[in-house]
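The values are calculated or read from the model by the stated rules, or taken from the named source; none is laboratory data. In this text, all values refer to a predicted model and were calculated from it rather than measured experimentally. All Cβ positions, even for glycine, are placed from backbone atoms using ideal geometry, and neighbour counts span all protein chains on display. Heavy atoms of the whole protein, side chains included, go into the accessibility calculation; ligands, DNA and RNA do not. Shrake-Rupley method; radii C 1.70, N 1.55, O 1.52, S 1.80 Å.
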Amino acid sequence: MATFKRHIFMCINQRPKGDPRGCCADNGSVRLQEFMKKEVDRLGLKGIVRANKAGCLDHCEYGPSIVVYPEGVWYWAGTEADVTEIMEKHVVGGQIVERLLMPGHELPETALEPLKA
């Protein structure tokens, strides 16, 4: 069984139409999660990084929610370009993408390590 260096979860939760909280799926998260999986392949990270679907991550108001482990850094993403930036800068490069940080979450106390693919 593979040991992943980073594990990424993206909410693809679908709430009923008209729910006041909204939902990530209505904001394109299903498409973006599929794109994230393609980015894993494009960047040669298969077996090193796992990009999973998640149920509700409880941040519906910000748009598609993403959390990257083991660091526990929370992001939101609205476009494929946002996903690419998270993948290239954080997942591969070990840099926080400040403009996409989810409000209300603390950053890790230790520096991120770049991947050695």
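A few comments on the model shown:
- Residue, modelled with the highest pLDDT, within region 1-39, restricted to residues that are open to solvent by 50 Å² or more (accessible area, probe 1.4 Å) and in contact with a Lys or Arg (Cβ under 7 Å, 6 or more places away or on another chain): HIS7
- Scanning region 40-67 for residues that are open to solvent by 50 Å² or more (accessible area, probe 1.4 Å) and in contact with a Cys (Cβ under 7 Å, 6 or more places away or on another chain) yields one hit, CYS56.
- Subset of region 5-42 (residues that are more than 15 Å from the chain's Cα centre (by Cα) and under 26 Å from VAL92 (Cα atoms)): ASP41, ARG42
- Each residue in region 71-117 was checked for being touching a helix residue (DSSP H, G or I) at 6+ places or on another chain (Cβ under 6 Å) and open to solvent by 40 Å² or more (accessible area, probe 1.4 Å), and 3 of them qualify.
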